[in-house]
1. One quarter of the convex hull surface, Cα atoms only: what value does that give for segment 116-199 in nm²?
2. Restricting to segment 355-475, what percent of DSSP beta bridges are antiparallel, rounded to 5?
3. Projecting each Cα onto the charge dipole of segment 1-84 (Lys/Arg +1, Asp/Glu -1 at the beta carbon, about the Cα centre), which of I22, A47, M75 comes out farthest on the positive side?
4. Percent antiparallel among DSSP beta bridges with both residues in the chain, to the nearest 5?
5. Could you point to the residue in G276, A426, A115 farthest towards the positive end of the chain's charge dipole, with +1 and -1 charges on the Cβ of Lys/Arg and Asp/Glu respectively?
6. How much accessible area per residue does segment 226-284 have, counting only protein heavy atoms and a probe of 1.4 Å, in square angstrom?
7. If you take all C-alpha pairs in segment 1-60, what percent of them are over 20 Å apart?
8. Could you tell me whether segment 266-341 comes out rounded, prolate or oblate from its Cα gyration tensor? Rule is a ≥ b ≥ c as square roots of the eigenvalues, rounded for a/c under 1.5, then prolate if a/b exceeds b/c, otherwise oblate.
Amino acid sequence: MTVFANLIDGEWVAGDTATQNINPSDTNDVIGDYATASLVQVADAAAAARAAFPAWSRTTAQVRGDILTTAADEMLARKAELGEMLSREEGKTLPEGIGEVIRASQVVRFFAGEALRLKGEKLPPVRPGVDVEVTREPLGVIGIITPWNFPIAIAAWKIAPALAFGNCVLFKPAELTPASGWALADIFLRAGLPKGVLNLVMGSGSVVGPAIIDAVDAVSFTGSVRTGRGIAERAIQTMTRIQLEMGGKNPLVVLDDADLDVAADAAVNGAFIQTGQRCTASSRFIVTEGIHDRFVAAVTEKMGKLAIGHALKAGTQIGPVVDQRQLDSNLRYLDIGTDEGAKKTGGALLDRDTPGFYMAPALFTETHKDMRINREEIFGPVASVIRVQDYDEALAVANDTEFGLSAGICTTSLKYARDFQRNSEAGLTMVNLPTAGLDYHVPFGGRKGSSYGVREQGSYAAEFYTIVKTSYISA
Ligand code: ADP
């Protein structure tokens, strides 16, 4: 089997070792072997990026935008093939895999335009004859470390603005999903990026990750809270700029006056689609007394009808869990919830035609807000219902968490919808919509323990990927 190599200074370079990329829908299906970068290779990649930076940072926005547009075009043209590969390596359904490739292409195209829209400021002088201007410049070399759950979209929404604004990149995809990352690097290279501008260094988070952090000017990371905290501690040693997107424990409030069907759909979609493996997934349904029993019945019915199976099989709505470790962790949380006294529906391990990590979605009812299942991120198809008396209690419970990524409410009351929007301690709020499901032209990020640093995406991305210069001129 061919080993997919790392990309260093415009060349494909084999690693000392490689890891097998396995399909979670069918563990007999090997997608490929992917090189693991050595520490020397990370250093080579960093040197190549440093060497490429002066020329790349001085290219025009037109040149950079054109390269990104070429890459976006190829991604879209190959959406079926890339989407299938993504679904094979990650386990999301084929329509979701193809949808993610389309999204990645839209993101890259958006940032091709952003290259041209980067703004500065010229302000009125306060000293006679002294002009002052504020401009944005590229930072240098950016480390981009991505997770497995959106292996092409998240990588695209970090790499595209980094390149659009004139930075060079060291990119490390997650160990579980190197194929999408490899394809993205290959597409950017063939779109015309000069050598060294984008370097792909695959491999283990604990070895390749720290080496990247030590070598770059800024790190954009999406992943777990624990890893994010470790990155922050390491990056501060060298005063490296960081942007961390981490976990969520996202609430969906359902009030008595909600449209039951809208609420149940938002709940089932938000909690279970994509096997619950989204940082914006709803995991706490906070439901007022008057609709509680009807809501639980409606969600239970819809959950029971979900088709769980091989990600590439037509009709599958929920694919497998990404790997054995994540499956074990989900099952452990099912035990924890039961031991805490919650009532569990669903959550069985499932057998399918192929060996994979299949489980039914699980719903806990009769839970308390302080249970571990309501405080810790599970990252699987597991949600719980917390019964509350009224809106005020619902808002308080929704905000009673160390996280603050996305928060939703289902209600037909403008008063409560607006109040929730104003007082929710989350970076994203949703009214009568699932907590997950976002657009690419607006900022994305959370508050409290969910995020650290400035926002990603939309025009706000420039905050992270550029540095401000204030220039005084007397002439
Ligand atoms: P998950 O548990 O969902 O895999 P992680 O936070 O472990 O989330 O992984 C997200 C990304 O961070 C992956 O690319 C992973 O390889 C990387 N990573 C893991 N550990 C470290 C580390 N110590 N330093 C830098 N990156 C890391």
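1. Values: hull surface 29.3 nm².
Over all viewing directions, segment 116-199 projects a mean Cα-hull area of 7.3 nm².
2. Values: 1 of 9 bridges.
Among the beta bridges of segment 355-475, antiparallel pairing accounts for roughly 10 percent.
3. A47
4. Details: 31 of 72 bridges.
Beta bridges within the chain, antiparallel portion: roughly 45 percent.
5. A115
6. On the way: 2080 Å² over 59 residues.
Spelled out: the 1.4 Å probe surface of segment 226-284, per residue, equals 35 Å².
7. Details: 756 of 1770 pairs.
When every Cα pair of segment 1-60 is considered, 43 percent fall beyond 20 Å.
8. Details: a/c = 2.08, a/b = 1.27, b/c = 1.64.
Oblate shape, in that a/c is at least 1.5 and b/c is the bigger or equal ratio.
The values are calculated or read from the model by the stated rules, or taken from the named source; none is laboratory data. Since the structure is predicted, the reported quantities are computational estimates derived from the model, not experimental observations. Methodologically, a virtual Cβ is constructed for each residue, glycine included, from the backbone with ideal geometry; neighbour enumeration extends over all protein chains shown. The protein model used for the area step is the full one, side chains on, heavy atoms only, and it has no ligands, DNA or RNA in it. Shrake-Rupley method; radii C 1.70, N 1.55, O 1.52, S 1.80 Å.
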